[in-house]
Amino acid sequence: MIFADLGLSDELLRAVTEAGYTEPTPIQASAIPSVLMMRDVIAVAQTGTGKTASFVLPMIDILAQGRSRARMPRSLILEPTRELAAQVAENFEKYGKYHKLSMALLIGGVSMGDQIKALEKGVDVLIATPGRLLDLFGRGNILLTGCELLVIDEADRMLDMGFIPDIEEICTKLPKTRQTLLFSATMPPPIKKLADKFLSNPKTIEVARPATTNVNITQRLVSVPSAAHAKRSVLRSMLEHEDIVTAIIFCNRKTTVRELNKSLKRYGYRSSEIHGDMDQPQRLAELDRFKKGEVNILVASDVAARGLDIKGVSHVFNFDAPWHPDDYVHRIGRTGRAGATGTAYTFVTSADAENIENIEKLTGQKIEKVEAAPGGASRDADSEDKPAKRESKRGASAKSKSGGGRRSDKAAAPEAEAAPSEPRAPAKRAKAAPEPAPKRAPARERDTDGESGDQGWNGPMPDFLNYGFNG
C-alpha cells in the first residue's frame, strides 16, 4: 500500500512525498481512511509507529474545507507536554505547506498576548496543553463551541501526569456532535472509561499489543556494579566497542544526567544533555544540535523520553533502569523508528530485580541478560573520570569510520584491558571522594517539568512554531 491509496488530496500527497515518505505505517494505513470518513477512533499504538501523521494528515484535508472564526478554533489537539505539542506543530508545518490553514500553539511560558492575538485572527488548528488551554478559556479568550474535531494524544501520559480531570472538563465545553480521536500507547481502565464517556461508536485500531516493544529493537540487560563510577566505566567501554551512530542515554535523576554528561565530555565524547531543570529554549537548542549531528550522544532524563522523533538513533542506553515499566517502552522507542533497526541496553544492578520483573511483565518479553564488556568496570575508582594521555587501540580513524561517539581530535580514554596511564591532572590534585549511593526514589518521583501549560519558556519562539502555514 502507498499513501495515494488512502484517499488523501494531491497537495497533501505532494508534501508527504517531499518529506521522503512513500508507504504508510500500519497505524497510518488503518487510521487515515477512518478519520477521513469522520469516524471516532481509538488508536492503541506503541511509540515510533508514526501515529502523529495518522491524525495530522487526514486533519489537513478535512480542514481544507471551511473557514475559521475569531476565538473559535475549528479543531483541537491536546498534548501532555510542550515538547509533544511542538512536535505536532512541526508536523503540521511540514505536511500542510500546500494548504492555507492557520495554526496556534498554546503552551506554557510563551507570551499570552501573542497567543491571544493568534486566536483573535481565528485558527483552523489549535494545539494545546490542558493547563494553558483552561487558563485562556477561563479568561474568556477562547470559545470551544465551534470545534469540530478533537484529538487526545498520548492519553496514557495524560493519565500519568494527572490531566484526566482537565480533559474531562475540556470535553464538556466542546460540541457533542464532533469527531474525537484518542491515541494511547496503552489502554488502562481510566483511559477506557474516558473513551466510553466521550467517544461515539469509535473504531478501535490496535497495531500492536498494548505496551509491547518494537520488534525492530534488539534489547539487552547488562549486569553492572551499583557504584556510579563503575557504571560509567562500563558505559564508556560499550561506547568504545559498539557501532554508535547516535545514542540517547537515559538516567532517572537530573543530577545523574549532569554528572554523566560532564564525565563523557571530559573523555572527549561529543555529548550533550537535556533534563527538566533546563528552560525550553535550552532544551530545543540541545535537541537541534543533536539532530544536526553537532553532538551524537544525548544524555536525558524522562522529560525527553516521550515525543522525541529523531531519525537515525542507533542506540538507547538506560544508564539507570527505569522506575516505572511504561517509561521503559517509551525510552527504548527512541530507536528503531519508522522501520529502522536499533539496539537498547539497560544497565541493571542487584537492586533492580523488581523493576526488570515489572518491565518484562508489562511487555510480555523476557529480555536477554549479558555481561559487561571484559574489564569494562574494572578501573580503579581513584582514576575515575580523569582522561588518560594515550589513544585507544581503535584510534581516531577507526572510530570515525564506525560512527563512534568519540571526537577524532581528542585523546580517548584507555580501554579496559590497557594498563592504567597517568591521568592528565595537576600533581597535587586531591583524590576523588567516593560517590554516595543514591537514595531510592519515592514511588512516583519523576524528572518532569510539571507541565501545566504555565512554565518554562522564557525565550523567543522557534521558527517552526509560527501561527500559520506558508500556503
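Applying the Karplus relation 6.51 cos²θ - 1.76 cosθ + 1.60 with θ = phi - 60° to segment 34-40 yields 3J(HN,Hα) values of 5, 5, 5, 7, 6, 7, 6 Hz, where x marks Gly and Pro. Couplings 3J(HN,Hα) of segment 357-370, computed from phi: 4, 5, 5, 5, 5, 5, 7, x, 10, 9, 8, 5, 9, 10 Hz, in residue order, whole Hz [Karplus 6.51 cos²θ - 1.76 cosθ + 1.60, θ = phi - 60°; x for Gly and Pro].
Amide H contacts of residue 222 (H built 1.01 Å from N, in plane; Pro and chain starts excluded): 346, 347, 348, 370 sit under 5 Å, all sequence-distant by 5 or more or on other chains.
Of the residues 226, 111, the one with the largest accessible area comes first in the ranking 226, 111, computed with a 1.4 Å probe on protein heavy atoms. Solvent-accessible area per residue in segment 126-283 equals 37 Å², computed with a 1.4 angstrom probe and all protein chains kept.
Provide the gained length on full extension for the span residue 72 to residue 360, in nm with one decimal, where the gain is 0.36 nm per separating residue minus the Cα-Cα distance. Stretched out fully, the residue 72 to residue 360 stretch lengthens by 99.1 nm. FRET efficiency for the pair residue 291 and residue 139, taken as 1/(1 + (r/R0)^6) with r the Cβ-Cβ distance and R0 = 35 Å, rounds to 0.45.
Residues 38, 59, 1, 187, ordered by accessible area of protein heavy atoms at a 1.4 angstrom probe radius and largest first, appear as 1, 38, 187, 59. Each residue of segment 106-119 was assigned a 3J(HN,Hα) from its phi angle through the Karplus expression (A = 6.51, B = -1.76, C = 1.60, θ = phi - 60°), giving 10, 9, x, x, 8, 3, 5, x, 5, 5, 5, 4, 5, 5 Hz with x at Gly and Pro.
The H on the amide N of residue 45, modeled in the peptide plane, is under 5 Å from the matching H of 184, 185, each at least 5 residues off or on a different chain. Here's how it looks for residue 71: its modeled amide H is under 5 Å from those of 120, 121, 122, 123, which are all 5 or more places away or on a different chain.
Against the criterion of solvent-accessible heavy-atom surface with a 1.4 angstrom probe, 291, 100, 193 sort, most first, into 100, 193, 291.
Using a 1.4 Å probe, how large is the accessible area of residue 117, given in Å² and rounded to the nearest 10? Near enough 130 Å² of accessible area. The share of accessible area on segment 84-127 that comes from carbon and sulfur is 51 percent, using a 1.4 angstrom probe.
A 1.4 Å probe, protein heavy atoms only, puts the accessible area of residue 294 near 100 Å².
The values are calculated or read from the model by the stated rules, or taken from the named source; none is laboratory data. Bear in mind that the values here come from a model prediction, so they are computed numbers and not experimental data. Please note: Cβ atoms are built from the backbone with ideal geometry, for glycine as well, and neighbour counts cover all protein chains shown. The protein model used for the area step is the full one, side chains on, heavy atoms only, and it has no ligands, DNA or RNA in it. Shrake-Rupley method; radii C 1.70, N 1.55, O 1.52, S 1.80 Å.
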